[in-house]
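**Student:** Please read through the structure below; I'll follow up with questions.
FYI, it's all coordinate maths here, none of it is from the lab. Since the model is a prediction, treat every value here as computed from it, not as a measurement. Reconstructed Cβ throughout: ideal geometry from the backbone, glycine too, with neighbour counts over all protein chains shown.
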Ligand SMILES: Cc1cc2nc3c(=O)[nH]c(=O)nc-3n(C[C@H](O)[C@H](O)[C@H](O)COP(=O)(O)OP(=O)(O)OC[C@H]3O[C@@H](n4cnc5c(N)ncnc54)[C@H](O)[C@@H]3O)c2cc1C
C-alpha cells in the first residue's frame, strides 16, 4: 500500500474543534510568495472545485496547468446545480450558527463522516458567500437588500443562498471569471478537450498525468510537483441519473488503479424530486430542485391504482405521507428519507402518472397563499423546464416526481488536508469522499466544492510543497511516463480492434439496470451477491463484444465512452462488494435486512462506525478493505429522527 490511511486530524480537535482549523493553519508550513512560482501544480477538472482551486492557486503565484475534457470550464457539470448553497450566516436570525450547520451535516450524513472536516466546512461556508458576492454572483436578495435564504432538507433553519434555480451556473461564472483573470495573468495555463487517462506515480508520489486530446487523439504526458483531481462524481454508473452525460469515474478510477484508495463506493444519493422516466430508452433524468419542497406538498392518492386526475381527488382521499410521518420536518426531511418513502408508496401501488411511477409535488396551496407571481419569481425556470419536458403545466397540475441517482458521497479517500494516500495527489469536490458521510444534505455539494477549492487546498498544498523547494518535476521523457503513455495508447487501439456487435451504450444501459436493481435505493444480501456474479459476466462480454466505430485520430465519442464504461464496470463491482460488506443501513445505503420497526435505516455503530477504504491489488485480484475508524466527540450518534 502506498502512503498511509492516516486522517491527520488536526491536533487537539477533540477538545477544541472550533479552533482546530485555525490552529492547524498556523502549524502548517508556508511557501514564501517568491518561491511559489517555482512549483508546478496540475489541476484536473474545471467545475466549481477545480476552477476555484486553479484560480486561487494561480492568484497565490503557483504555476497551474488546468485540464478539462470540455471545450470551456463553463460546461462543467456544476453548471447544472439549481437550488442553492448553504452558508451559516444566520441572516434570518432563526438560530443558525457554524455549530448548527456542523451538527446538521454530521447528523444528516448519518454519523459516517469525519467531524474535523465537517466543522471546517461549516466554518468556511460563511467565507464562500462573501467571496462569491464580491465576484458579483447575483444571489437573490430580500426587500431590504440583504441576501435572501430558503430552506433545504435536514435543517430547521433557512441557510440556503440561491440565484433562482441557477445557483451552480452563477457560482461557476464567478469562479470562471476568477480563473480567466489568472489565465490572462499567465499563472494558469488551460488545456481544454483533454481527457486525463492515467496518473503517473513514481517513488510513492504523484508525478503527473497522461492525457488524450479528444480532437486529435494525441496522447501526451504532463508532470508537476503535485496533482489535484477535481473530476466530479460517479453517479452515471447507474446509466440513468441526473448527472450530465459526460460525468464519469475515469480520472478517479485510474488514480485508484495506481494506488489511491477508493472510499465508501456504496454511498450514493438518490434524490427524491426528479421527473419520472417515461420510457425504456431514455438516456438521462432531470432533477427538479429540492428547493421546491419549501412550497410544494408531496402526496399520493389513498386508493390503489387511482385513475382520477389529481384535481379530482378530494383532500380527504390524499395521503401527504411525509407530513403525516414526520410532522417536525414534513416535506423537508433529508433526501434519503424522502426517497425511500416515495419508493414505499409507489411499490405499494399508489404511484401516479401514465407509468404509475411517481408521486405528486403540489403547489396549489402555495399559489393560493402567495400568488402565482411569487411562486414564479422563486421557481420560474424550474416550472418552465418541467413544462417543456412533460407537456404539463405545474401551475395548474401537480408535478410528478420520483427519486433518481444524483450524487455520490463515496470517492477517493483523502485526509484532513485533502491529500489521498498517494503523496502529492489531492482530491477535491465530489470526487473525494470527505464531508457528507452516508448522505449529503441539499445545498452542501456546492459549499464543499468551493470550500475545498477556495479555502482549503491553498493552505494544505503549501504544507506538502514547502520542503520540496529545489526539486524539479520529473522529466516526461522518463520511462515511467513513457510506459503510461504506451498503456493508454494500447488500450485506445484495443477498443477499435474489438469489432464486436453491440454498442458501448448498450452495455452501459445493461450495467446501469443491474446496479439500480441490486445496489440502488434498497439493497439486500441476495441481490448484492447476484450483482457480484452478473456484473463480471457482463463485463467479460463487453470486452469481447463491444463495437466502437471510427478512428482514434478524430473526435470519437464512442471511443471516449468505451474507456469510461470499462471503468464503470470495475467500480460497479466494488460498489456491490462494499454494500455487501457494510452490514448496516446508513443514509443512502439502505440494507433491507437492517431497518427499525418503522422502516428507518438502522446503523450498527459498534461494527461499522468507520470509513471503508479499498486498495487496488491488480487486475483480477480482490481489493483489500481498510478501515478508518470514526469518532464522535461533539455530535453523539443517535437514531436520526425527523419526526
Ligand atoms: C441536476 C443537479 C442539480 C444540483 N443542484 C445542486 C444544488 O442546488 N446545490 C448543491 O450544493 N449541489 C447540487 N448538485 C450537486 C453539485 O452540482 C455537484 O456535486 C458539484 O457541482 C460537483 O462539482 P465538482 O467541481 O466536484 O465536479 P464537476 O462540476 O462535475 O466538474 C468535474 C470536472 O472534471 C472534468 N473531468 C472529469 N473527468 C475528467 C478527465 N478524465 N479528464 C479531464 N477532465 C475531467 C470535467 O470536464 C469537469 O470540468 C446538483 C447536482 C445535479 C446533478
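**Student:** Can you give the Rg to Rh ratio for segment 592-643, taking only C-alpha atoms and Rh from Kirkwood?
**Tutor:** Value, to two decimals: 1.12.
**Student:** Something else: Could you tell me the center-to-center distance, by alpha carbons, between segment 507-565 and segment 346-413 in angstrom?
**Tutor:** 30 Å
**Student:** Quick one: give the max-minus-min coordinate of the C-alpha atoms of segment 490-536 along each principal axis, largest first, in Å.
**Tutor:** So the three principal-axis extents are 39, 17, 16 Å.
**Student:** Which value in Å is the Kirkwood Rh of segment 444-538 over different Cα pairs?
**Tutor:** Answer for segment 444-538: a Kirkwood hydrodynamic radius of 18.8 Å.
**Student:** Sorted by mean Cβ packing within 10 Å, highest first, what order do the peptides 50-56, 14-20, 145-151 take?
**Tutor:** 50-56, 145-151, 14-20
**Student:** Counting residues in segment 397-556 as N, plug N into 2.2 N^0.38 Å and put the Cα Rg over that result.
**Tutor:** Ratio of Cα Rg to 2.2 N^0.38 Å: 1.40.
**Student:** Calculate how steeply helix 335-345 sits against the longest principal axis of the alpha-carbon atoms of the chain, using the helix alpha-carbon long axis, and give the answer as 0 to 90 degrees to the nearest 10.
**Tutor:** 50 degrees
**Student:** Now a separate question. Please report how far the C-alpha centroid of segment 186-205 lies from that of segment 70-133, rounded to the nearest whole angstrom.
**Tutor:** Cα centroid to Cα centroid, the span is 28 Å.
**Student:** OK, next. Rounded to two decimals, what is the ratio between the C-alpha radius of gyration of segment 93-144 and 2.2 N^0.38 Å?
**Tutor:** 1.37
**Student:** Here is a follow-up. To one decimal place, what Kirkwood hydrodynamic radius in Å is obtained for segment 1-145 from all pairs of distinct Cα atoms?
**Tutor:** So the Kirkwood estimate lands at 18.2 Å.
**Student:** Semi-axes of segment 80-222's equivalent ellipsoid from the Cα gyration tensor, sqrt of 5 times each eigenvalue, largest first, rounded to whole Å?
**Tutor:** In descending order the semi-axes read 36, 22, 13 Å.
**Student:** I would also like to ask the following. Run through the DSSP bridge list for the chain and note the antiparallel percent, rounded to the nearest 5.
**Tutor:** Just about 70 percent of them are antiparallel.
**Student:** Report the label-to-label distance for residue 22 and residue 483 in nanometres (one decimal), using points 7 Å from each Cα along the Cα→Cβ vector.
**Tutor:** Placing both labels 7 Å beyond Cα along the Cβ direction yields 4.9 nm.
**Student:** Moving on. Among 475, 524, what is the fewest-to-most ranking by other Cβ atoms within 10 Å?
**Tutor:** 475, 524
**Student:** Can you give the Kirkwood hydrodynamic radius for segment 485-643, in Å, rounded to one decimal and based on Cα pairs?
**Tutor:** 18.0 Å
**Student:** While we're on this one: Where Rh is the Kirkwood radius over the Cα pairs of the chain, the temperature 37 °C and the viscosity 0.692 mPa s, what D in µm²/s does Stokes-Einstein return?
**Tutor:** Stokes-Einstein gives a translational diffusion coefficient of 132 µm²/s.
**Student:** Mind giving me the nanometre distance, one decimal, between the label points for residue 593 and residue 490, set 7 Å out from Cα along Cα→Cβ?
**Tutor:** 4.1 nm
**Student:** With only alpha-carbon atoms in the gyration tensor, what are the semi-axes of the equivalent ellipsoid for segment 257-326, in Å, largest first?
**Tutor:** Those come to 35, 17, 12 Å.
**Student:** Please list 486-497, 619-630, 225-236 highest first by mean number of surrounding beta-carbon atoms within 10 Å per residue.
**Tutor:** Result, highest mean Cβ count within 10 Å first: 225-236, 486-497, 619-630.
**Student:** Between segment 215-241 and segment 414-486, what is the separation of their alpha carbon centroids in Å?
**Tutor:** So the two Cα centres are separated by 13 Å.
**Student:** Report the extension gain between residue 34 and residue 396 in nm, rounded to one decimal, defined as 0.36 nm multiplied by the number of residues separating them, less their alpha carbon distance.
**Tutor:** Roughly 124.1 nm would be gained on extension.
**Student:** On to the next question. As a footprinting exposure proxy, order 559, 538, 441 by other Cβ within 10 Å, with the fewest listed first.
**Tutor:** 538, 559, 441
**Student:** Something else: Please give the helix 504-519 orientation as an angle from the longest Cα principal axis of the chain, in degrees from 0 to 90, rounded to the nearest 10.
**Tutor:** The two axes meet at around 60 degrees.
**Student:** Helix 115-135 versus the longest principal axis of the chain: what angle, 0 to 90°, nearest 10, using Cα atoms?
**Tutor:** Compared with the principal axis, the helix lies near 90 degrees.
**Student:** Given a cut-off of 22 Å, what percent of all Cα-Cα pairs of segment 362-445 lie beyond it?
**Tutor:** For segment 362-445, the share of Cα pairs beyond 22 Å comes to 51 percent.
**Student:** Quote to one decimal, in nm, the extra length available between residue 284 and residue 348 on full extension: 0.36 nm per residue of separation minus the C-alpha distance between them.
**Tutor:** Value of the extension gain: 20.5 nm.
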